[in-house]
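Enquirer: If you scroll down you'll find the structure; I have some questions about it.
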Amino acid sequence: MTRRPVGLLPAAGFGTRLGALEQSKELIEVEPACGRGPLPVIEHALSAMADSGLDRAHVVIRDGKWDIPARLRTGTELDLAITYTVVEKTPSAVHTLDLALRSLRNERIALAFPDILVEPSTALATITRELDTRSADAVLALFPWDKPAKSDMVEIDTGGNIRDIVIKDPDCSLEMTWSLAVWRPSFTRFLADFVERASEHDHGLGRELYVGDVLKSAARAGLTIRGIPFLTGTTLDIGTPDDLARARSSSAETEEASERRSAAGVTPVT
């Protein structure tokens with residue numbers, strides 16, 4: 001029997017775009033689509049992992065973000081066994097992932113970002129099944145997106161294979177971004193080699209490395225990187241004031257709809 005992937009959540013960032021916070025941004029509470037009551041953003045991702053059949057998750061934090069393990073503890077309440085890696089400040093998110101993955105080199109990985117809300121919550125289960133049944137090295141969940149200056153924009157061919165990834169280009173005309181990924185140890189090895197090469201030589205990009213750089217390079221090197229579009233799905237990074245306001249607005253609308261259903265005696269179908 002194939003061992004389940006390990007969930008991986010990089011939560012080592014500083015959250016500077018939101019200004020001064022009294023807590024880690026990953027613990028900002030937002031109403032889930034199911035209307036179960038406000039949850040910290042990171043718990044949305046962890047709940048999706050548990051619902052997808054994962055039983056282990058690894059959270060990456062930096063020194064000082066102790067409120068995250070204080071809240072999540074060992075994951076018992078979420079039906080996950082949660083472990084932690086504590087890192088110092090690194091040159092990029094790619095370097096942070098590489099440090100966390102050193103103890104997970106032989107595991108399949110399910111990556112989610114603890115400050116991004118994704119719907120449907122079943123998207124992770126869908127791409128995990130794709131990884132189980134196809135010979136891909138990695139599978140991405142793709143969502144409609146209209147702000148190319150803020151994200152990795154992804155192009156796939158007719159077979160679902162990644163053709164190109166364009167990173168934070170305001171003039172990009174592509175219409176899908178990725179927010180979740182699952183991969184095999186083959187991609188973890190590629191990422192480790194990528195980081196080692198980047199450390200030895202200037203990567204020439206004039207900016208920090210992004211995970212999209214590694215995915216794009218892996219596809220060009222011959223690894224099979226696939227994308228599954230969720231055309232009616234949504235993705236929202238709460239790491240900026242505007243998008244956090246959007247998330248809270250959506251939460252308020254969800255709560256109002258739930259109250260109307262309750263008053264009418266209607267039980268939602270889940």
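Values in this text are rule-based calculations from the coordinates and carry no lab data. Just so you know, these numbers come straight off a predicted model, no measurement behind them. No Cβ is skipped: glycine too gets one built from the backbone with ideal geometry, and neighbour counts run over all protein chains shown.
Enquirer: Output ³J(HN,Hα) for segment 165-180: one whole-Hz value per residue in order, computed from phi by the Karplus curve 6.51 cos²θ - 1.76 cosθ + 1.60 with θ = phi - 60°, and x for Gly and Pro.
Expert: Karplus-based 3J(HN,Hα) across segment 165-180 equals 10, 10, 9, 6, 10, x, 8, 5, 9, 5, 10, 10, 10, 10, 9, 9 Hz.
Enquirer: How tilted is helix 41-51 with respect to the longest principal axis of the chain? Cα atoms for both, answer in degrees (0 to 90, nearest 10).
Expert: Its long axis makes an angle of about 80 degrees.
Enquirer: Return the loop-located trypsin sites (Lys or Arg not before Pro) in segment 121-155 (DSSP other than H, G, I, E, B) with at most 16 other Cβ atoms within 10 Å of their own Cβ; answer none if there are none.
Expert: Arg134
Enquirer: Given labels modelled 7 Å from the Cα in the Cβ direction, how far is it in nm from Arg134 to Glu175?
Expert: Distance between the two pseudo-spin positions: 2.0 nm.
Enquirer: Please list, ordered by chain and number, the residues whose modelled amide H lies under 5 Å from the amide H of Asp152; skip anything fewer than 5 residues away on the same chain.
Expert: Sorted by chain and number, the residues that satisfy this are Lys168, Trp178.
Enquirer: Once the other residues with Cβ under 12 Å from the Cβ of Asp98 are scored (Lys, Arg +1; Asp, Glu -1), what is the net sum?
Expert: Details: positive: Arg102, Arg105, Arg189, Arg197; negative: Asp193, Glu196.
Taking every other residue near Asp98 into account, the sum is +2.
Enquirer: Using modelled amide H (1.01 Å from N, peptide plane; none on Pro or chain starts), what sits under 5 Å from the amide H of Leu174, excluding residues fewer than 5 places away?
Expert: Under 5 Å from the amide H of Leu174 lies no amide H from a residue far enough along the sequence or on another chain.
Enquirer: May I ask you to evaluate 6.51 cos²θ - 1.76 cosθ + 1.60, the Karplus curve with θ = phi - 60°, for each residue of segment 206-212 and list the ³J(HN,Hα) values in order in whole Hz, giving x for glycine and proline?
Expert: Taking θ as phi minus 60°, the curve returns x, 7, 6, 7, 10, 4, x Hz for segment 206-212.
Enquirer: Connecting C-alpha atoms closer than 10 Å in a GNM of the chain, tell me which of Asp132, Asp237, Asp157 has the biggest fluctuation.
Expert: Its mean-square fluctuation being the largest, the pick is Asp157.
Enquirer: For an R0 of 22 angstrom, estimate the FRET efficiency from the Cβ-Cβ distance between Val86 and Thr126 and round to the nearest 0.05.
Expert: Working: r = 32 Å, r/R0 = 1.45.
Plugging the Cβ-Cβ distance into 1/(1 + (r/R0)^6) gives 0.10.
Enquirer: Antiparallel versus total DSSP beta bridges in the chain: what percent is that, nearest 5? Spell out each step's value before the answer.
Expert: Values: 24 of 43 bridges.
Approximately 55 percent, going by the DSSP bridge assignments.
Enquirer: While we're looking at this one, here's another question. Taking H placed 1.01 Å from N in the peptide plane, check which residues at least 5 places from Gly233 or on another chain put their amide H under 5 Å from its amide H.
Expert: For Gly233, whose amide H was placed from the backbone, there are no distant partners under 5 Å.
Enquirer: Per DSSP helix of 4 or more residues, -39500 (n - 2.57); summed, then divided by the residues of the chain. What does that give at 222 nm, rounded to the nearest 500? It would help to have the intermediate numbers written out before the result.
Expert: Values: 7 runs with 86 residues, N = 270.
Rounded to the nearest 500, it is -10000 deg cm²/dmol.
Enquirer: Treating the angle as unsigned and between 0 and 90°, give the value, to the nearest 10°, between the Cα long axis of helix 241-263 and the longest Cα principal axis of the chain.
Expert: Rounded to the nearest ten degrees, it is 40.
Enquirer: Determine ³J(HN,Hα), in whole Hz, for all residues of segment 186-197 in sequence, where each value follows from phi through the Karplus function 6.51 cos²θ - 1.76 cosθ + 1.60 and θ = phi - 60°; x replaces Gly and Pro.
Expert: 4, 6, 4, 5, 4, 4, 4, 5, 4, 5, 5, 5
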